[in-house]
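Take a look at the structure set out below.
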Amino acid sequence: MSGLVDPLLIAVVAALVIVRQFRASRIDTDRRWWLLPGILAVLALREPDLLDARHATGSALLLGAELLVALAMGVAWALTTRVWAGPDGSVWSKSTGASVAVWGAGIALRAGLFGAGALLGVHQDSAALMLGLAATLLVRSGILVRRLQSVDRVPALATAYGDRTPGSHRSPWKERV
């Protein structure tokens, strides 16, 4: 891909994923959760300049650090995502405020790695960032699928009127008798 298309693709995919995760969304557990991360990884690994040929060791160390940050970010993001079963037995998820902190820390660490590479004179391409995003999404999705298997999907037989459900912002009220 061209030098302008890669960062644009990364920004669009990241924005879509982040925005979608902060809305309560029904999860289809039969989906191919690995498909988007797999496509991103293939696109990143096809790039010829994933590693800087002049600074192979430094480039490989930076890529390894990027992947470690991406994996840690995926784990933290999955663990800060709320998962629950709806009244009909469907499974829902929504990222929390702690997920914002995870994204902020991940972006700061990645910016630090980019800065370190620039100081060392290592050429860094967007393919490493794309590979890191793929790793983050793959780990997060895998952990969420695992967590979803432990969610009790049996619908409640009877719920009281005004019971709060995750994501509800209305306070329960009492009926007048």
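The values are calculated or read from the model by the stated rules, or taken from the named source; none is laboratory data. The structure displayed is predicted, hence computed values, not measured ones. Glycine also receives a Cβ, built like all others from the backbone with ideal geometry; neighbour counts cover every protein chain displayed. Ligands, DNA and RNA are stripped out before the accessible areas are found, and what is left, the full protein with its side chains, is counted by its heavy atoms. Shrake-Rupley method; radii C 1.70, N 1.55, O 1.52, S 1.80 Å.
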Looking at Val122, Val145, Val151, Val177 in this structure, which one is within 19 Å of Ala24 (Cβ to Cβ) and either in a loop (DSSP other than H, G, I, E, B) or modelled with pLDDT of 90 or more (or both)? Val151
Looking at the range 1-20, is at least one residue under 23 Å from Val122 (Cα atoms), open to solvent by 30 Å² or more (accessible area, probe 1.4 Å) and touching a helix residue (DSSP H, G or I) at 6+ places or on another chain (Cβ under 6 Å)? yes
Pairing a residue in the range 116-129 that is surrounded by fewer than 18 Cβ atoms within 10 Å (Cβ to Cβ) with any residue that is outside any loop (DSSP other than H, G, I, E, B), where Cβ atoms lie under 6 Å and the two sit 6 or more apart in sequence or on different chains, gives Leu120/Gly58
The range 12-45, residues that are of a type in the set (Lys, Arg) and without any contact (Cβ under 8 Å) to a residue 40 or more places away in the chain: Arg20, Arg31, Arg32
Go through the range 103-115 and report how many residues are open to solvent by less than 40 Å² (accessible area, probe 1.4 Å) and more than 20 Å from Val12 (Cα to Cα). 2
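Results for (1) within 13 Å of the chain's Cα centre (by Cα); (2) at pLDDT 80 or above, shown as yes or no for each residue.
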position: Lys94; (1), (2): yes, yes
position: Gly117; (1), (2): no, yes
position: Ser126; (1), (2): no, yes
position: Arg140; (1), (2): yes, yes
position: Pro155; (1), (2): no, no
position: Asp163; (1), (2): no, no
position: Gly167; (1), (2): no, no
Within the range 96-106, can you find the residues that are modelled with pLDDT under 90 and aliphatic (A, V, I, L, M)? Val100
